[in-house]
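The values are calculated or read from the model by the stated rules, or taken from the named source; none is laboratory data. Since the structure is predicted, the reported quantities are computational estimates derived from the model, not experimental observations. Note: ideal-geometry Cβ built from the backbone for every residue, glycine included; neighbour counts use all protein chains shown. Calculation scope for accessible area: heavy atoms of the full protein, side chains included, ligands and nucleic acids excluded. Shrake-Rupley method; radii C 1.70, N 1.55, O 1.52, S 1.80 Å.
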Amino acid sequence: MPRNELLVFRILRILRLKQVQYLDERQLIAAIRRETGDEFNDQTIHEHLRHMQQHGLLKPVNLRRINGYALDWAGYDYLDAS
């Protein structure tokens, strides 16, 4: 999967701007859709979320029926450097 740095940045920025501990996957996808329209499909967004989790940008939050995500240390560092 080719990584889209703009999508990575938007996901991290959305999490930081919301100033909440975490967002569930539906909230995050809805926020990305509001910003980008149909630029990214659900599969691409899901792949980026998994990739970002594997590389320490996001940490998973276990919710009952859906995945949630919060910023992890590498995600904060990424945002601070940009």
For region 1-31, name all the residues that are open to solvent by 60 Å² or more (accessible area, probe 1.4 Å) and either touching a Gly at 6+ places or on another chain (Cβ under 6 Å) or aliphatic (A, V, I, L, M) (or both). M1, L6, L17, V20, Y22
Being surrounded by 13 or more Cβ atoms within 10 Å (Cβ to Cβ) and free of Cβ contacts under 8 Å to residues at least 24 places away in the same chain narrows it down to one residue among D38, D80, D72; which is it? D72
